[in-house]
Amino acid sequence: MKFVDEAPIYVEAGKGGNGCLSFRREKFIAKGGPDGGDGGDGGSVYLVADENLNTLIDYRYQPRYRAESGSNGMGKDCTGKKGEDLFLPVPVGTTVLDMDTEETLGDLTEAGQKLKVAQGGFHGLGNTRFKSSTNRAPRKTSNGSEGEKRQLKLEMKVLADVGLLGLPNAGKSSFIRAISSAKPKVADYPFTTLVPNLGVVSVQKHRSFVVADIPGLIEGASEGAGLGIRFLKHLTRCRVLLHIVDMLPPDGSDPAEQAQMIIEELEEFSPTLAGRERWLLLNKIDLLPPGEAEARCQAVVDALEWEGPVYTISALNRDGTEPLCGKIMTHLEDIWAAEEDPEIRARELALQDQMAQEGRDRIEELRDRHRAARKAAKGEHDDDDDFDDDDYDVEVEYVR
C-alpha cells in the first residue's frame, strides 16, 4: 500500500431537475389549470474529514466523482426528488485547492468537519409557477441549472505541534520512540523512515502534544535528492521545529557542517518555514568521551551561531528527554493561549498558507525539471507530457 499525500480529483455536482408542463385533466372539471411541479435540486459534493484515514490513495485510482441529479417535476403539482449529496471522506489535515483558480478552498483540520466543494444545480420551475391573473394557462417552464464542476487537488498534511528535522540516522525515530508510544522502525542504515510518523507525548494526564517525524534530509534535497523534501510540507502546521544533530556521525564528518547543510536545504525549500522557531537538539552525547562532550557541543553551537534554545540528549538512553518534553509542553501552551486572540490566529494561518505555497512552488519546479529531463532523454517534444506522479510515492508494507 502506498502513502499518498497528494491527489488530483474531478468533482461534479448533480444537475437540477426540469420543471414540468402539465394541466389538470379530470372528469367534470374543464380547464383545470396548470399543475406542473418543480424539479428537484441536484446533489452537492462535500469533503468530510475522517480520523480513520491516513492516506489519499483511494483518490489516486478513482479520481472522478459525480453527485446525483435531481428528478424532473411531474403533474399534479408533484415536485421532483432532490439528488443525494455526495460525501467523500478524506484524512484529517487535508487542504483543498482549486486547480483552475489556484484558490485554497479550505482546510479540514477536525474530525467530522465538512467542506462543500461543488454546489448542486437549482431546480427548474413548473408551469404552475407562471400562472397569473392575465395568464391562466401558462405553457412556460424552466430547466434546472447545471451542477458546479471543479478540478481539485487534495493535499494531506499531518497535524502535529512539533516537527523533527535532521539527517538520516540522526536519531529522529529513536527520539520519537523515547518520548511517545509510537514505534517507528529504527535501524543503522539511512532512510529507515520512509513516511511521516506521529507520536503523542503525554507530559501529564491532561497535557499532551503531537510530534511528527519525517524522512531525513540530505545534501541536495532542495534539488530533489532523497525523500525529505517530499514531506517537508507536513511541517508547515508545526509550531516548533526540533533540529536533531548527530554528535558522532559514523562517517566522521563535522556535526556543525551537517547541521548547516540542513538549514540551507530548508531555506531553499521555504524561507518562511526556515524562519520558524527551531530548537537545537544535540543527540548521542552518551557516545562522546565525558571530558569532551561539553566542549564539542559548545563548538557546534558557536559554529552555527545558534541563538535559539539548545539541549543535549541521548534519545537511545532517554537522557534529557523528559525535562525537554516538559519545556516544550509549557512553550506550546503559551503559544496556544496567545492564539486565542483572533488577530494572532489569523496571522498564524496566513503564515501557514505562505509556507504551504512556497513548498508547492518548489515541488512543482522540481517536477517540471524532472519532466523536462525525461523528455530530453527520450527526445520528445515539450507538449508530450508523460510525467507520472506515482514517481513521488513511496511503497509501504504494513505488517500486522
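Observations on the model:
- Restricting attention to the range 328-364, the residues that are among the charged types (D, E, K, R) and in contact (Cβ under 8 Å) with a residue 12 or more places away in the chain add up to 5.
- Of all residues in the range 96-131, exactly one satisfies the criterion of being loosely packed, with under 14 Cβ neighbours inside 10 Å and of a type in the set (Val, Ile, Thr), namely Thr101.
- Criterion violated by Glu277 - all others in (1) surrounded by fewer than 17 Cβ atoms within 10 Å (Cβ to Cβ); (2) at pLDDT 85 or above; (3) out of contact with any strand residue (DSSP E or B) (no Cβ under 8 Å at 6 or more places or on another chain) satisfied: (3)
- Scanning the range 329-376 for residues that are at pLDDT 85 or above, surrounded by 14 or more Cβ atoms within 10 Å (Cβ to Cβ) and either more than 24 Å from the chain's Cα centre (by Cα) or hydroxyl-bearing (Ser, Thr, Tyr) (or both) yields Met329, His331.
- When the strands (runs of 3 or more DSSP E) confined to the range 51-165 are screened for residues that are closer than 23 Å to Ala356 by Cα and among the polar types (S, T, N, Q), those reaching at least 1 such residues are found at 94-98, 103-108, 149-156.
- Subset of the range 288-303 that is modelled with pLDDT of 85 or more and of a type in the set (A, V, I, L, M) - its residue that is farthest from Gln260 (Cα to Cα): Ala295
- Whenever a residue of the range 109-121 is in the same structural domain as Glu51 (by TED's automatic domain parsing), its partners that are in a strand (DSSP E or B) and of a type in the set (D, E, K, R), lying with C-beta atoms within less than 8 angstrom and at least six residues away or across chains, give the pairs Ala111/Asp50; Val117/Arg150; Ala118/Glu12; Ala118/Lys149; Ala118/Arg150.
- Some residue of the range 169-176 being buried (at least 24 other Cβ atoms within 10 Å of the Cβ) and in contact with a Phe, Trp or Tyr (Cβ under 8 Å, 6 or more places away or on another chain): no
- The requirement of being modelled with pLDDT under 85, under 25 Å from Arg150 (Cβ atoms) and not aliphatic (A, V, I, L, M) is not satisfied by Arg66.
- Of the residues contained in the range 41-50, none is found to be in a helix (DSSP H, G or I) and of a type in the set (A, V, I, L, M).
- Evaluation of Thr192 against (1) in a loop (DSSP other than H, G, I, E, B); (2) at pLDDT below 80; (3) closer than 30 Å to Met99 by Cα (one fails), failing number: (3)
- Considering Ala118, Ala111, the condition of being of a type in the set (Gly, Ala, Ser) and in contact with a Phe, Trp or Tyr (Cβ under 9 Å, 6 or more places away or on another chain) is satisfied by Ala118 alone.
The values are calculated or read from the model by the stated rules, or taken from the named source; none is laboratory data. All of these numbers come straight from a predicted model, not from anything done at the bench. We place every Cβ from the backbone using ideal geometry, glycine too, and count neighbours over all the protein chains shown.
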